[in-house]
Structures are given as C-alpha cells and as structure tokens.
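Okay, handing you the structure first.
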Amino acid sequence: MLMKVGEGTSQEHRCQFLPGKDDQVAVRDFRDHALARIRDIEELGELGRKMGICPYYASRPTLKPSEIVTLPYPLLLQKSAREALGISLKGHVVIIDEAHNLMDAISNIHSNMVTLPQIQKSHNGLEVYLTKFRNRLKGSNKVHVMQLLKLLSGLILYLEGKKGEGTVEMGDLLATKGIDQVNIYKLQKYITESKLARKVEGYLDFKERKKLKVERGFTAETKTTPTLTHIQSFLSALTNPSSEGRIFHGMTDQKEKYLKYMLLDPAHSFKDIVEDTRAVILAGGTMEPVSPTYPCYYSFAKSGLDGRL
C-alpha cells in the first residue's frame, strides 16, 4: 500500500518526504518502534524526526498489525476512504463513540451539493482535456469522456432553466438533453478507476503554471480547485436507490444555482459496515434504539456478544 502513494505522479510533483525503495528498511524500523508501545500523534512525529523518516507515510504500514486503530467518522463511514487507507473491517470489532451523532454523520457524509459554476468549470476543463488528448485516447476512453461531457451539459441546461427552490424529479433531470441514455453507474466507475478527475485537474494545473511562466517569467505554485472530483461525488450519489434520498435545486447565498443530494435513509450506507464486521458497538451517554440502527442487533447476535444500543 505504501508504494501506491503517489503512483502515476511525476517526480516533480511527488512529495519530497515520500519514502522510496531505498527507505524500506527505515520504514520497517519505524513500524516496529511505533508498535512497541502506544504512542499519540505527537510522539509519532517525534519518532519520525529522530529516525529521519516521514512519520505520516511511515506509519501507514503499522495499520495491518495494529490491534486498535482510531478513526474520525468520515474515514470510518466512507467505503472509498477506507479502501484508500487500506483499512478492512472484515472480522473486526468496531466501536463507535458518541454514537448519538451517527445517523447525522452518515447523512452529512453521503449528501452532496454542486453549484452551476462548478459544473460549468468541470465541463470547460474536460473540453480542454479532450481537445488536447483526443487522438491519444483509446476508443472506449474517448466514449466515456464524451458521455461525461454530455451529462454535464444536461445538468447545466437543467439548472439554467430552474428558478427558486424545489425538488428534482430524476425523470425530468435525466430527460434533459437525452442524458438518460448515459449509464451513470458505469460512467462513475470509469471515472474512479481511470482517475480521470486527477488527470484532468493535473493537466489544467500544468497549463496554468505554464501560462504564468510565459506571462511573468517564472513558475509559480498553483492549485486548481478539484471541481471534477466534487462532481464525481455527486454522480456517485445519483446511483443510489431513489428511496434512500432526494435531489433538490435552489440558490446559494452567493446567488449560485445548485443541485443538492440529501441522504434520507442512512441504514443502507451503514449496512456494509455491519455485514463486514464481527460486531458493531455503539457507545454514548444519550442514546436510545432508533430504526436505522436495528441492523446492529444482527451484528451482536452474529458475534455472540450481548449488548444494547
């Protein structure tokens, strides 16, 4: 997992503290020292300085042999975040503290909002990318990029024709400009596997730095807003069953039109955690059983543990 960090990134843009192949002995030494006793984040930082290695990257291999791992809600409750960190819940016991906040946390994590300017910026950036690499893209890749452009065009057209606030009917949204012909699930999967958002934003960042070098005579550090990554999260929400959430349109305080997906039923998003783990323990001082947490009872029964939510 460690060597996948920065994979596909040029040496110029790689973190200077990312351990290389020659540093693996030091990484293993850091892992052994880190696991010798319980350390907090400040102590891990100090250990990294003493051993001359980045504690952020070097601590990652300690996850697998660790008996206890603490995580904030967003990293635990998002499957994509767990996969990125190489964290598997299979057969483990998960203890969620302050669990009276759990349902709200799941709803907030899996709800998304995109504004019209963000969609327009993603569309324009994707057009620039396609123009540059059209002849280098394989047939299937080109088709997916053009489908994404079509989908973004449909979302732009839909929002431009809306006023005020209200709910969005998926049928009306997808009928705009014929985007109902696009398989959003397959498209979202392609964006994730191909890392399209990172490639597009990397190219746009490169163009911006090149432009500044021509205009000002030097290369400045720039960072484009990862709008396509944001759009990708919204598209992922569109693949959820309609019974789990609703889409709304409205206007922000900055007078920008938006589409917002709100998760209304957190149970499905929590289900994969319950099914993978040996047990889920919800802990908190102000709790009582609520329907979205009922699947946890199955987890307790499966593990042979007795407990109350």
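The values are calculated or read from the model by the stated rules, or taken from the named source; none is laboratory data. None of the values given here were measured: they were computed from a predicted structure. Virtual Cβ from ideal backbone geometry, glycine too; neighbours counted across all protein chains shown.
Out of everything in region 164-207 that is small (Gly, Ala, Ser) and within 17 Å of residue 123 (Cβ to Cβ), what residue ends up being surrounded by the fewest Cβ atoms within 10 Å (Cβ to Cβ)?
So, considering only residues that are small (Gly, Ala, Ser) and within 17 Å of residue 123 (Cβ to Cβ), the one surrounded by the fewest Cβ atoms within 10 Å (Cβ to Cβ) is 178.
Scan region 149-169 and report the pairs whose first residue is under 22 Å from residue 242 (Cβ atoms) and outside the structural domain of residue 242 (by TED's automatic domain parsing) and whose second residue is among the aromatic types (Phe, Trp, Tyr) and modelled with pLDDT of 95 or more, with Cβ atoms within less than 7 Å and a gap of 6+ or a chain change.
Filtered contacts from region 149-169: no entries.
If only one of 23, 29 is out of contact with any His (no Cβ under 7 Å at 6 or more places or on another chain), among the charged types (D, E, K, R), part of a helix (DSSP H, G or I) and buried (at least 17 other Cβ atoms within 10 Å of the Cβ), which one is it?
It is 23.
Can you confirm whether residue 121 is in contact with a helix residue (DSSP H, G or I) (Cβ under 8 Å, 6 or more places away or on another chain) and under 30 Å from residue 75 (Cβ atoms)?
Details: in contact with a helix residue (DSSP H, G or I) (Cβ under 8 Å, 6 or more places away or on another chain): yes; under 30 Å from residue 75 (Cβ atoms): yes.
Yes; evaluated as a whole, the condition is true for this residue.
Give me the pairs: first residue in region 173-192 and under 15 Å from residue 140 (Cα atoms), second residue of a type in the set (Lys, Arg) and surrounded by 14 or more Cβ atoms within 10 Å (Cβ to Cβ), beta-carbon distance under 9 Å, and six or more apart or on different chains, which are they?
Short answer, once both residue conditions are applied: 182/150.
Further question on the same structure: Could you grab me the full set of residues in region 251-289 that are assigned to a strand (DSSP E or B) and under 17 Å from residue 170 (Cβ atoms)?
Those that are assigned to a strand (DSSP E or B) and under 17 Å from residue 170 (Cβ atoms): 258, 259, 260, 261, 262, 263.
Being closer than 30 Å to residue 154 by Cβ and among the polar types (S, T, N, Q) narrows it down to one residue among 122, 88; which is it?
122
Let me ask something additional. Can you confirm whether residue 203 is among the aromatic types (Phe, Trp, Tyr) and touching a residue at least 60 places away in the same chain (Cβ under 8 Å)?
Working: among the aromatic types (Phe, Trp, Tyr): yes; touching a residue at least 60 places away in the same chain (Cβ under 8 Å): yes.
For residue 203, the condition - among the aromatic types (Phe, Trp, Tyr) and touching a residue at least 60 places away in the same chain (Cβ under 8 Å) - is met.
Shifting gears a bit: If we scan region 123-132, do we find a residue that is in contact with a strand residue (DSSP E or B) (Cβ under 8 Å, 6 or more places away or on another chain), modelled with pLDDT of 90 or more, assigned by TED's automatic domain parsing to the domain that holds residue 228 and among the acidic types (Asp, Glu)?
Initially, region 123-132 is screened for residues in contact with a strand residue (DSSP E or B) (Cβ under 8 Å, 6 or more places away or on another chain), giving none.
Checked region 123-132: no residue is in contact with a strand residue (DSSP E or B) (Cβ under 8 Å, 6 or more places away or on another chain), modelled with pLDDT of 90 or more, assigned by TED's automatic domain parsing to the domain that holds residue 228 and among the acidic types (Asp, Glu).
If only one of 39, 31, 82 is without any contact (Cβ under 8 Å) to a residue 12 or more places away in the chain and outside the structural domain of residue 279 (by TED's automatic domain parsing), which one is it?
Working: 31 fails: without any contact (Cβ under 8 Å) to a residue 12 or more places away in the chain; 82 fails: outside the structural domain of residue 279 (by TED's automatic domain parsing).
Every option except 39 fails the conditions.
Filtering region 72-88 down to residues that are exposed (fewer than 14 other Cβ atoms within 10 Å of the Cβ) and modelled with pLDDT of 85 or more, which residue is nearest to residue 229 (Cα to Cα)?
Among residues in region 72-88 that are exposed (fewer than 14 other Cβ atoms within 10 Å of the Cβ) and modelled with pLDDT of 85 or more, the one nearest to residue 229 (Cα to Cα) is 74.
To continue, here is another question. Within region 55-108, how many residues are aromatic (Phe, Trp, Tyr) and over 25 Å from residue 25 (Cα atoms)?
Total meeting the criteria: 1.
I would also like to ask the following. Does residue 77 satisfy the condition of being assigned by TED's automatic domain parsing to the domain that holds residue 15 and aliphatic (A, V, I, L, M)?
no
A quick yes/no check of all residues on (1) at pLDDT below 85; (2) over 18 Å from residue 111 (Cβ atoms); (3) not small (Gly, Ala, Ser):
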| position | (1), (2), (3) |
| --- | --- |
| 163 | no, yes, yes |
| 182 | no, yes, yes |
| 188 | no, no, yes |
| 225 | yes, yes, yes |
| 252 | no, no, yes |
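If you take the residues of region 46-63 that are surrounded by 15 or more Cβ atoms within 10 Å (Cβ to Cβ) and over 22 Å from residue 88 (Cα atoms), which of them is farthest from the chain's Cα centre (by Cα)?
51
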